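Working notes for the structure below.
The values are calculated or read from the model by the stated rules, or taken from the named source; none is laboratory data. In this text, all values refer to a predicted model and were calculated from it rather than measured experimentally. Counting neighbours? That spans all protein chains shown, and the Cβs are built from the backbone with ideal geometry, glycine included.
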Amino acid sequence: MSQITKLDQNLIIKKIDKETINVQIINNEMLMSIVGQFDQNLKDLAKLTNTNIFFRGNSITCKGKKEKIELFCEAIKFLIDKYFLTKIIEKEDILLSVKKNMELNQSNVKSFKQLIKTPRKSVIARSEKQSEYINALKENAITMSLGPAGTGKSFLAVSVGVTMLMEKKIERVILSRPAVEAGEKLGFLPGDMKEKVDPYLRPLYDALYELFGADKIDKKIESGEIEIAPLAFMRGRTLKNSFAILDEAQNATETQIKMFLTRIGENSKLVVNGDPSQIDLINKSQSGLIKSKNLLKHLEEIKIIEFDHTDVIRHPLVSKIIRAYQKKSTDDQD
């Protein structure tokens with residue numbers, strides 16, 4: 001005998017038997033966003049939950065082992081909550097909806113409170129650590145974040161900084177990186193100094209354009225409200241009413257990080273991001289990221305966030321790659 005649960009006006013869940021569950025999503029726009037183009041989201045859900053999923057009209061039927069169809073059901077609830085908040089379902093949300101061990105799940109959807117609304121998309125915390133990081137960016141004068149690629153360190157910092165600029169809480173956003181060669185030399189790149197260093201700063205441009213659109217960002221750059229510059233250009237300045245981000249800080253020396261942090265002025269916030277496992281300096285011992293973290297961690301005004309592979313929000317393969325390299329590094333030390 002089937003059991004019907006109507007959670008709200010948009011979702012009806014019907015348990016057909018121990019291995020079959022049916023969900024009906026009444027809101028057509030929500031339904032199509034969850035299903036995805038060419039039903040791709042449902043195909044991904046089926047693979048991730050190891051179930052068989054069938055879609056017809058407003059009805060989605062899932063067949064599989066009891067614990068698997070329950071996982072599918074919780075994933076659907078999660079995606080509906082996500083849609084209500086942002087009006088969009090992204091590929092990363094499908095993976096997140098079925099990650100059982102993530103702190104951010106149906107039973108703890110309150111973590112969605114860390115929501116950053118930008119002109120082109122809404123950005124949410126996808127893990128408890130990301131939620132803590134966004135809060136630190138808003139509340140602390142200086143925030144340091146360390147961890148592997150794909151954990152959102154730069155993307156979230158850019159999101160918070162430019163949103164504060166749009167809300168006129170600050171007057172300027174400064175994005176900086178050390179211009180350190182990763183196999184190539186600056187002198188062999190064509191063009192003037194700007195054209196030489198732009199490739200190092202391109203990921204920052206990409207984040208800005210994705211969140212706010214190229215036209216709007218280019219105008220802000222032309223007006224000086226957004227400044228993108230190599231770390232060396234920061235020397236001798238005092239930053240007032242600013243939100244400044246030092247990205248790829250694993251390639252900065254301890255002296256350079258000290259120089260950056262001591263630029264802080266009235267009504268300003270500074271952010272230092274880096275991945276200690278990706279140092280491009282010829283002498284890796286010169287990296288000042290870990291040294292600076294250990295030296296400053298006792299200061300109440302400085303918040304330090306440390307991410308690991310469980311916080312990776314890119315392709316799930318990225319997390320596996322990071323773990324493989326971490327294991328190799330551990331084995332080499334034994």
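Within region 30-78, the residues that satisfy the criterion of being surrounded by 14 or more Cβ atoms within 10 Å (Cβ to Cβ), of a type in the set (Gly, Ala, Ser) and over 24 Å from the mean Cα position of the chain (by Cα) are Ala46, Ser59, Gly64. When region 42-66 is examined, which residues are found to be polar (S, T, N, Q), more than 19 Å from Glu29 (Cα to Cα) and touching a residue at least 40 places away in the same chain (Cβ under 8 Å)? Once the filter is applied, which keeps residues that are polar (S, T, N, Q), more than 19 Å from Glu29 (Cα to Cα) and touching a residue at least 40 places away in the same chain (Cβ under 8 Å), region 42-66 yields only Thr49.
Among the residues of region 124-146, those that are touching a helix residue (DSSP H, G or I) at 6+ places or on another chain (Cβ under 9 Å), within 20 Å of Ala244 (Cβ to Cβ) and in contact (Cβ under 8 Å) with a residue 60 or more places away in the chain comprise Tyr133, Leu137, Ile142, Thr143, Met144, Ser145, Leu146.
Give the number of residues within region 259-289 that are farther than 18 Å from Tyr205 by Cα and surrounded by 15 or more Cβ atoms within 10 Å (Cβ to Cβ).
Keep residues of region 259-289 that are farther than 18 Å from Tyr205 by Cα, which gives 259-270, 275-289.
Still in the running and surrounded by 15 or more Cβ atoms within 10 Å (Cβ to Cβ): 259-261, 263-264, 268-270, 275-276, 279, 281, 286-289.
So the count comes out to 16.
Of everything in region 79-93 that is basic (Lys, Arg) and assigned to a helix (DSSP H, G or I), the residue that is surrounded by the most Cβ atoms within 10 Å (Cβ to Cβ) is Lys82. Those helices (runs of 4 or more DSSP H) of region 207-320 in which at least 3 residues are modelled with pLDDT under 95 and of a type in the set (Lys, Arg), considering only elements entirely within it, cover 214-223. In the set (1) at pLDDT 90 or above; (2) outside any helix (DSSP H, G or I), the condition left unmet by Met102 is number (1). Go through region 217-254 and count every residue that is within 23 Å of the chain's Cα centre (by Cα) and of a type in the set (Ser, Thr, Tyr). Matching residues across region 217-254 total 1. Taking first residues from region 67-95 that are under 21 Å from Thr118 (Cβ atoms) and in the same structural domain as Leu48 (by TED's automatic domain parsing) and partners that are basic (Lys, Arg) and crowded, with 20+ Cβ neighbours inside 10 Å, the Cβ contacts under 8 Å between residues at least 6 apart in sequence or on separate chains come to Ile89/Lys82; Glu92/Arg126; Asp93/Lys82.
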